[in-house]
């Protein structure tokens, strides 16, 4: 009873733990299909047209083959009964026609499969590019939200699963056309056969609809855990994690966690699959009973001489194929509507809009900067967080000035520079550049004028050239600039020692790749900062993996190369910090002190305390 009640549940998806879908909601989800086919059309117009034409032709072949088969049987019976009256020429002509139709049908099927495969691959690639393109427009803090990642993961899954939906929808249309041809013959013979057919098929349709709902609900509910499962799989077998997995003996812990998650997935999927199999078997038996009931009726008509043997085979074949087609259409409808529901996940991702709004009429970026960047009571709080990452920040970064940000971990240093580069917009207050709100400038031009190297820079599994060029990817072919940048970051000597020099693949993921030490990677990353002639350079602890001497040399070189430019440095080493013109001391996201190294020492405040604590470590 619970099974049948749940088929007609009126609760909306997302309102219950199972996310059960009603028939009305399934039909409503079909409204996603026009947008879906618009994407298919964008993928390849000519392949879409050819696929549709092939399917229309294919839809007519079953009726043609059945009818020619009827004529052959009737002709055989006539010849056997009147051997001297009828010629066999017409019979063999019919056989040749059926043979040609069979070859045509097989060729069309293979052609359709080929077109589905090719169009599906192109569609998957096209939608993957659209996902990456849209993701590039979204804000950094959106990527730091787990709910956003669930939507992103579901959208990624649809790029593959929706190629199946494409084939299903086209097959649905093809089968409906075929059914129209076949149903015409049955209706002419006896309309009650169509009703018997529907009665036999509908329970199977309702059963499939119910279990597809359950599959959808289970898949949606498992999204966060599936992401964790993928992450655990990555931890257990990756060149990036192998060192710590071995040294901390984490393999047992990781494997157990994988077993726990995968075991739960298997348990849930197994239970659902077993129930689906049992009910599916019962419904198939009911459908078979309906078919044989109709078959018995047609045989009785033939034995009474009301129809010919050829007509019997034609009608029986038509009913059998109609039953198979109708069953496939109804069952496929649940899959198509389910796919249309999944499409909602796909389209919802594209409905996510960035909170950083681009200026309608952007102000040209000042070249050079005249007055500098001004923080005017700036505060920032992450989404779904009660704690302020930064609050009440008010100071000016003057042109050509070098400031250092100092504070304990979590003091808001990195958040501040992300605000400066407009990776975030302030929750309160404003950041001004030459007296104009940073929001009024063209975002792309702003970021061209800002060079940033973060402490958690990416170690791209690419060539040395490409690793450096990411600092200004439009200059990826500018080898003199890449070499100059590596020389400025002191990476050139180590690159010259590599087997393939600037063409050397870095990382162990691909063939002939070479991994670098932490300090060597940081020199490569630092070279990115010199790839563009930016007016503002931000170094967020980029030398943390270097020894004290190497870090001092890097910053000495950095100071020489950035004369006349504005710079922001984040470092925990006070030997480096003291090189700045001014030092901004942050605590719990707020500015507590600002001044030169000497001024802050004389003041005897928080900076002086941190400086003495670090100095004690060297005594």
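The values are calculated or read from the model by the stated rules, or taken from the named source; none is laboratory data. Keep in mind that what you see is a predicted model, and the values were worked out from it rather than measured. When we count neighbours, we look across all protein chains shown, and the Cβ atoms used for this are built from the backbone with ideal geometry, even at glycine.
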Which residue, of 272, 286, is out of contact with any strand residue (DSSP E or B) (no Cβ under 9 Å at 6 or more places or on another chain), part of a helix (DSSP H, G or I) and closer than 25 Å to residue 218 by Cα? 272
Modelled with pLDDT under 80, over 35 Å from the mean Cα position of the chain (by Cα) and more than 23 Å from residue 345 (Cβ to Cβ): does that describe residue 86? yes
On the given criteria, is residue 422 under 31 Å from the mean Cα position of the chain (by Cα), closer than 17 Å to residue 139 by Cα and assigned to a loop (DSSP other than H, G, I, E, B)? yes
Which residues, taken from region 225-244, are assigned to a helix (DSSP H, G or I) and at pLDDT below 75? 242, 243, 244
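This table checks each residue for (1) farther than 30 Å from residue 510 by Cβ; (2) within 37 Å of the chain's Cα centre (by Cα); (3) surrounded by fewer than 15 Cβ atoms within 10 Å (Cβ to Cβ).
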residue: 402; (1), (2), (3): yes, no, no
residue: 410; (1), (2), (3): yes, yes, yes
residue: 434; (1), (2), (3): yes, no, no
residue: 462; (1), (2), (3): no, yes, no
I'd like the full set of residues that are in contact with a strand residue (DSSP E or B) (Cβ under 9 Å, 6 or more places away or on another chain), on the phi > 0 side of the Ramachandran plot and in contact (Cβ under 8 Å) with a residue 24 or more places away in the chain, limited to region 480-533. 507
For a quick check of your reading: which helices (runs of 4 or more DSSP H) sit entirely within region 477-542 and have at least 2 residues that are under 19 Å from residue 567 (Cβ atoms)? 479-488, 518-529
Scan region 92-109 and report the pairs whose first residue is in the same structural domain as residue 56 (by TED's automatic domain parsing) and over 23 Å from residue 51 (Cβ atoms) and whose second residue is assigned to a helix (DSSP H, G or I) and at pLDDT below 90, with Cβ atoms within less than 6 Å and a gap of 6+ or a chain change. 94/68; 94/71; 94/72; 97/68; 98/68
Within region 187-208, is even one residue in the same structural domain as residue 109 (by TED's automatic domain parsing), assigned to a loop (DSSP other than H, G, I, E, B), surrounded by 13 or more Cβ atoms within 10 Å (Cβ to Cβ) and at pLDDT below 70? yes
Take the conditions buried (at least 18 other Cβ atoms within 10 Å of the Cβ) and touching a residue at least 60 places away in the same chain (Cβ under 8 Å) and apply them to residue 390. Does it pass? yes
Tell me the residue from 365, 395 that is over 34 Å from the mean Cα position of the chain (by Cα), within 30 Å of residue 130 (Cβ to Cβ) and outside any helix (DSSP H, G or I), please. 365
